[in-house]
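Please treat every number below as a calculation from the coordinates, not as lab data. Predicted model, so just to flag it, every value in this text is computed and none were measured. Note that we place each Cβ from the backbone using ideal geometry, even for glycine, and neighbour counts take in every protein chain shown.
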């Protein structure tokens, strides 16, 4: 199978998407996940353009990337200056990334009308920038911005810009459909023409080797995926894209869909069969971290991608899945959704039960009953893989081993705002422990914080010192289905820690305070029961 | 320009989408909108399969469809019965639709292994069903289910099924990629082979005319659009699809993207220039009625489709839009948007200012002052590219053009929980408008919803009907830095819509209710000030 080099630009082009912004630390998390997926090149951002991206490259120096080359992005040098004086180019070097990608102008209209530059100076900018970076031992990827529009407008000049980069020994020449307006058959023809051009240059001895061609597309015509695979058919060996196709305007090519098309349908080698199975997880991970609602209809990995609704379809699929499925969903880590029997997932639950020391047999509890209870909670929006603490408590409840260490009698939270002054929040709570009641009141930054403070104050009477080392380290709120506006159901996760452990708890409700209470009380129950032992 | 027949199946295939269900009356609304858009054929559903679809056809008898033919969908007759006795076929006739579409089996595997039928009987079912419907004066569209899979498995048989339909005088033969697994170059080749087949049959006198070919694709490989236009290139003249690509699994071909590609980029005639401008409205209308969140990144019509974020892009677009836009957004009823973010600079703000009608010079406000104010708010966690509504209000404030349409005097929100019972939330709010005060109280699902309800109730006194069509469509909460636990700062975005616009507003605070208040009051201020004009 012909190998394909995957170039992920979620951390740069992806963050150009209207609703996405990543901190440097979050970028590192995503980069490590992409490395685990065996993406070949990870574009980390533009160190010359903003401090956040430079911060990322500093963070990325430490961990070991096993498979991927971290890549710093920038532009060719500015007109009429020495390449070694260009701030942008200097930033690329100081990023310490082993690979750099620089874009240059291909389209004569852009060179002249937008940049007010001469065509000749533009060629020097390309040659000198690539040569300088190669001389500094970088793998160099040259992004020909607006290649296809340039090719249509002035084919000779567009190819000349590529030739400059190739002569300067760029490792990859990437043809970009920057405006996203091209169609697959036209892309295929243009890439073919380009490969013919380079074959000629090689035959005539003007080039020492035929350069590797890459393809970078945007989805403005809904064709980013088709344009990418058409370019690969015509000879491109590097594929640019982002996870879930996140990107500016209508997005970039979606690696999550393109990889299985290339691998399963066209016979190219993008990654191992094992890594292919990680695609769904990877798609979910990035949508979660970007706080974007996962698209149910996403090809290959979406929740609905192999869901069967019509009766005829379901019965046909039961006879033979290929009746209405184009591939086996497991190949990409997805699964068929029909009416799933409660048998699935049993082994997971039993495994986790054992882990928590729960013996189902002696407790006379059927693990299939537990599975169906969990499934029904998951239908409601709970997600126990995100909340080990709550999962333990749930298992205790379902196996009748739960011992509540406090009981809520009531709480009241009041939030008051006067004109432009900030809100004030106050919580009163009454709990009981072994029949003894305690009522406390506390303030906080907002209602959840006030409730947290009041509950701790009350618990402190019964369990002095138990909670001293416990703190909340993370707090995540996610609207499960935004379509209900302020009535939407939210999923709230609290991450807590003490000196030697971190645990997560979850709450789900249309009411944010109710959800907070569930997660908060689970968290403190978890900690108290640990201390009791 | 070569004419294309558009066949919309939003009302049938679209409702196979996991979260979509239409009543008969809603279907009629959509059908009238599609008629106004000059869609040629509107598939109203399957009268033989459920009473709701039959109800739709009854409703559709009354209004006058000026442009579209209402089409009833069904299947070829069942095996081994007389066509006139088939309940399904009878339902097609009693629907009174002038056009019928019936699907038949093309793939030998389906005929034999799934249907347990003989290949020969399957051919008779096709011929007799088409002939019978033609004899009843219907326009007949024959859908060759799984055509492409059948073509790959047994080309001769697949073409034979089509030939049966053609001999029986079907008006259109539609080639379906039912499982959605095909790729554009393979589709193009298969459609070409099919047209060659029919040309031969015509030349040899076996057919009185060459049939019109249609294409029906699904998006399981992310290629539905590309597959459709590739089939058109190869000679197909009828295009099937749904509005926004809604459909089962990964959806159908999206007419909203395909029409402008065919019309603006490939020189086909789908509809008038005037109707093309209705595409955005039509897309929004159907997403509204289906209660699906509109995809911001939808090609051509999405909110982000012509949005520019990076500073370099913005300054280039200001010189010449074609620098980073593949078409003029107005051609499809969309418009350019400039986003404000920490990646961008002065040129974005100036552009945005002009868009909002703010003249910096006359107001003696320096755009660089505004940029630095925005940057400092962004440091605090605001993100104005996510919140155009709040940005407009901020700009008005910074240029001293802000006219508050209500003033908050105070609010109080109370949340009470008793033991295991669900929380109850109540909000009391006092506002004033031009010196007149109003105090109201309301309940809600949680504190934000209660506050929202109370504020609307109060505003309704001063601005009756202004807010009637306004609803909150999305609600996102994001913890900016989770490490502070329940004291973490949150960023809250509210997306609101009325009949013709979607706007977003933002709030940032350590206090969730404070953040909600900011976003909520901005949203209603935005709407009221729009209505005032």
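Using Cα centres only, tell me the gap between the range B:126-205 and the range B:210-236 in whole Å. Their Cα centres are 13 Å away from one another. Rounded to the nearest 500, the 222 nm mean residue ellipticity of the protein assembly as shown from helices alone is -11500 deg cm²/dmol, with -39,500 (n - 2.57) taken per DSSP H run of at least 4 residues.
Peptides B:388-396, A:173-181, A:440-448, B:204-212 ranked from most to least packed, by the mean per-residue count of other Cβ atoms within 10 Å: A:173-181, B:388-396, A:440-448, B:204-212. Taking every residue in A:313-324 and counting other chain Cβ atoms within 10 Å of its Cβ, the average works out to 4. Most tightly packed first, judged by the mean number of other beta-carbon atoms within 10 Å of their residues, the peptides A:514-525, A:413-424, A:13-24 read A:514-525, A:13-24, A:413-424.
Taking R0 as 41 Å, what FRET efficiency do you get between residue B:209 and residue B:85 from their Cβ-Cβ distance, rounded to the nearest 0.05? Can you show the working numbers first?
Details: r = 31 Å, r/R0 = 0.75.
Here the calculated transfer efficiency is 0.85.
Sorted shortest first, the distances from the residue B:418 label point to those of the same residue in the other copies are 3.1 nm; each point sits 7 Å from Cα along Cα-to-Cβ. Spacing of the modelled spin labels on residue B:112 and residue B:124, each 7 Å from Cα toward Cβ, amounts to 2.0 nm. Taking packing as the residue-averaged number of other Cβ atoms within 10 angstrom, the listed peptides A:330-336, A:468-474 run from highest to lowest as A:330-336, A:468-474. Distance from the alpha carbon centroid of the range B:56-79 to that of the range A:267-312 works out to 36 angstrom.
The same position residue A:469 in the other copies lies at 6.2 nm from this copy, comparing label points 7 Å beyond Cα toward the beta-carbon, shortest first.
Between helix B:24-36 and chain B there is an angle of about 90 degrees, using the helix long axis and the longest principal axis of the Cα atoms. Neighbouring Cβ atoms from other chains, within 10 Å of the Cβ of residues in B:405-418, number 6 on average. Each copy carries a label point for residue B:63 at 7 Å from Cα toward Cβ; from one copy, the others' points are 5.5 nm away, ordered from shortest.
Axis angle, to the nearest 10 degrees, between helix A:367-379 and the longest C-alpha principal axis of chain A: 60 degrees.
Model label sites at residue A:153 and residue A:193, defined 7 Å from Cα along the beta-carbon direction, differ in position by 1.5 nm.
What angle do you read, to the nearest 10 degrees and between 0 and 90, between the alpha-carbon axis of helix B:184-203 and the longest principal axis of chain B? Roughly 30 degrees between the two axes. The spacing between the range A:366-437 and the range B:408-436, judged by their C-alpha centroids, is 24 Å. Would you please give the FRET efficiency between residue B:373 and residue A:420, computed as 1/(1 + (r/R0)^6) with r the Cβ-Cβ distance and R0 = 25 Å, to the nearest 0.05? Once the sixth-power term is evaluated, E becomes 0.90.
For chain A, the normalised intensity computed at q = 0.07, 0.08, 0.10 Å⁻¹ comes to -0.53, -0.66, -0.92 (log10 of I(q)/I(0), Debye sum over alpha carbons, equal scatterers, no solvent).
Potential lengthening of the chain between residue A:434 and residue A:502 amounts to 21.7 nm, from the contour at 0.36 nm per residue minus the alpha-carbon distance. The calculated FRET efficiency for residue A:443 paired with residue B:354, based on their beta-carbon distance and R0 = 60 Å, is about 0.85.
For the peptide B:423-430, the mean number of other protein chain Cβ atoms found within 10 angstrom of a residue's Cβ is 3.
What spacing in nm lies between the two simple spin-label points modelled at residue A:274 and residue B:274, each 7 Å away from Cα in the Cβ direction? Rounded to a tenth, the inter-label distance reads 6.4 nm.
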